[in-house]
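S.K.: One structure, as structure tokens, below. Some questions next.
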Amino acid sequence: MAGTAAAAKPPRGWPSRRVELGLADSPGGAAQLRRSTHFGFRYQYLAGGVNTGSGWSGWNPDGTFVSRYVHESLAHRITPVFTYYVLRQSLPGKNDGNEQHADLGNLANQGTMRALFQDLELFFRRANESGRTVASHLVPDMWDFPEAAQGADTTTLPAQVSSTGLPELAGLPNNLAGFAQAVVRLRDSLAPHVLLAYNLSVWGTGVDIQYSDPANAQVDALARRSAAFYKSLGASFDLTFAEFSDRDAGFKQKIYGDGGASWWKAADFRRNVRYLGGYSRATGQAIAMWQIPLGNTEMRAENNTRGHFQDNRVQWLLGRGGERHLRQYRAAGVIAYLFGGGADGTTCACDGRHDGITDPPAINGNTRRSLSADDDGGLFKDLARRFYKRHALRI
């Protein structure tokens, strides 16, 4: 897999010099994950809010949920990744059905933000205990709402930062840029071994290039807009996480009734590569693709029922023709791929439905029998093993 170098170098402390795969994985799963193949990463959400009594910091005493997950991951030679998703679920926004309004309202709430920064400090301390590299993906989706509302002016959107009264945040502006700078400041002082990832979604521009099929010139303009928003924060994140979709195309077709609009074609992948490459070159940020749907169109297990929804991202990246596609993404700055569904009922590369090996009648040409009890019919882990067996894609 030789080819063009990535648009951006991996951040300092990145644990590999080759493109790696990862998978969403709950506590206790590292040993089995390691036995399946040499995954570079496993990831876990931290959620529940900061002032609700059900946040991650109480899942085990005093935030040791993170300590345990890190220890288990490193013991099996896997780098742990945490998706820190607590703002949306914090009060008072938790009770607001409008996600954009909830996020922006919580950012502007002094008590909520003071609790959030204290929660973040606990996370950084726990994540840094091992002295080994840990990655953290900060508040996905949140960044895109203010981008959609404010464009690249992050100084006009209120966020309680120095006004929280925390002395470690003194002097920082009380706006979105100040929030980003506060996160970086806390990491720098408390957790030098933790890599911070910013979240990029093209819908923050107000245009979703999958559905609108824009011309190349517009894709380039959208990449510049996304880069300008990131740079306006004045905060140096270590890398960027980006995403295709958090749900299988079959899930959206069956559950949401979108008529198949969420299925990606070759042109959609080309536009995605172009957009990511433009952003990466403009910001100098390497990219990890995150929460990639696990469905496929090969295995009979994938019959568009709960846990068994079809998609084509796994095949595009790891199946026939995948080497060429991975080189294209690498040239756009992508250095890792983390797979996993973002909602209950999406396809899992595990026996999440506890229904064992399933081979229902074929639909849409998916004629292969299951390789294991995994809900995707075992295809992802089989392709992942093949990927690592032949893999030499340097970054």
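The values are calculated or read from the model by the stated rules, or taken from the named source; none is laboratory data. Bear in mind that the values here come from a model prediction, so they are computed numbers and not experimental data. Cβ coordinates were reconstructed from backbone atoms using ideal geometry, including for glycine residues, and neighbour counts include every protein chain displayed. These area figures cover heavy atoms from the full protein model, side chains too; ligands, DNA and RNA do not enter into them. Shrake-Rupley method; radii C 1.70, N 1.55, O 1.52, S 1.80 Å.
S.K.: Being touching a residue at least 24 places away in the same chain (Cβ under 8 Å), on the phi < 0 side of the Ramachandran plot and open to solvent by less than 20 Å² (accessible area, probe 1.4 Å): is that true of ALA152 here? First the steps, then the outcome.
M.R.: Details: touching a residue at least 24 places away in the same chain (Cβ under 8 Å): yes; on the phi < 0 side of the Ramachandran plot: yes; open to solvent by less than 20 Å² (accessible area, probe 1.4 Å): no.
In short, no.
S.K.: While we're on this one: Of everything in region 282-325, what is of a type in the set (Lys, Arg) and under 20 Å from the mean Cα position of the chain (by Cα)? Give them in sequence order.
M.R.: Residues of region 282-325 that are of a type in the set (Lys, Arg), as a first pass: 300, 306, 313, 320, 324.
Selection gives ARG313 alone.
S.K.: While we're on this one: Among the numbered criteria (1) without any contact (Cβ under 8 Å) to a residue 12 or more places away in the chain; (2) within 22 Å of the chain's Cα centre (by Cα), which one does GLY97 miss?
M.R.: Evaluating GLY97 over (1) without any contact (Cβ under 8 Å) to a residue 12 or more places away in the chain; (2) within 22 Å of the chain's Cα centre (by Cα) leaves (2) as the failure.
S.K.: Suppose we filter region 161-187 for residues that are of a type outside the set (Val, Ile, Thr), buried (at least 20 other Cβ atoms within 10 Å of the Cβ), without any contact (Cβ under 8 Å) to a residue 60 or more places away in the chain and in a helix (DSSP H, G or I); how many remain?
M.R.: 5
S.K.: Select from region 306-334 the residues that are assigned to a helix (DSSP H, G or I) and of a type in the set (D, E, K, R) and list them in ascending order. Working first, answer last.
M.R.: Of the residues in region 306-334, the ones assigned to a helix (DSSP H, G or I) are 313-318, 322-331.
Of everything in region 306-334, those that are assigned to a helix (DSSP H, G or I) and of a type in the set (D, E, K, R) turn out to be ARG313, GLU323, ARG324, ARG327, ARG330.
S.K.: Another one. Go through (1) of a type outside the set (Gly, Ala, Ser); (2) surrounded by fewer than 21 Cβ atoms within 10 Å (Cβ to Cβ); (3) farther than 19 Å from ARG300 by Cα; (4) modelled with pLDDT of 95 or more and name the single condition ARG353 misses.
M.R.: Failing condition for ARG353: (3).
S.K.: Would you check which residues across region 217-250 are part of a helix (DSSP H, G or I) and open to solvent by 10 Å² or more (accessible area, probe 1.4 Å) and list them? It would help to see each step written out before you state the result.
M.R.: Within region 217-250, the subset part of a helix (DSSP H, G or I) is 217-232, 249-250.
Of everything in region 217-250, those that are part of a helix (DSSP H, G or I) and open to solvent by 10 Å² or more (accessible area, probe 1.4 Å) turn out to be ALA217, GLN218, ASP220, ALA221, LEU222, ARG224, ARG225, ALA228, TYR230, LYS231, SER232.
S.K.: Would you pick out the residues in region 97-146 that are among the polar types (S, T, N, Q), open to solvent by 40 Å² or more (accessible area, probe 1.4 Å) and not in a helix (DSSP H, G or I)? Walk me through it before giving the result.
M.R.: Going through region 97-146, the residues among the polar types (S, T, N, Q) turn out to be 98, 100, 106, 109-110, 112, 118, 128, 130, 133, 136.
In the following step, the residues that additionally are open to solvent by 40 Å² or more (accessible area, probe 1.4 Å) were identified as 98, 100, 109-110, 118, 130.
Passing the criteria: ASN98, ASN109, SER130.
S.K.: While we're here: Taking interchain pairs and intrachain pairs at least six residues apart, which have beta carbon atoms under 9 angstrom, with the first residue in region 375-392 and at negative phi and the second of a type in the set (Gly, Ala, Ser) and open to solvent by 30 Å² or more (accessible area, probe 1.4 Å)?
M.R.: Cβ pairs passing all conditions: ASP375/GLY352; LYS381/SER372; ASP382/SER372; ALA392/ALA2.
S.K.: If GLY259 satisfies every condition in (1) over 23 Å from ARG270 (Cβ atoms); (2) surrounded by fewer than 20 Cβ atoms within 10 Å (Cβ to Cβ); (3) more than 19 Å from the chain's Cα centre (by Cα) but one, which is the exception?
M.R.: That leaves (1) as the condition not met.
S.K.: May I pose another question? Just need a number here: residues in region 24-34 that are assigned to a strand (DSSP E or B) and open to solvent by less than 10 Å² (accessible area, probe 1.4 Å).
M.R.: Here is the first cut: in region 24-34, the ones assigned to a strand (DSSP E or B) are 24.
Still in the running and open to solvent by less than 10 Å² (accessible area, probe 1.4 Å): none.
The number of residues fulfilling the criteria is 0.
S.K.: Then there's this: Answer yes if at least one residue in region 326-334 is polar (S, T, N, Q) and open to solvent by 40 Å² or more (accessible area, probe 1.4 Å), and no otherwise.
M.R.: Scanning region 326-334 turns up at least one residue that is polar (S, T, N, Q) and open to solvent by 40 Å² or more (accessible area, probe 1.4 Å).
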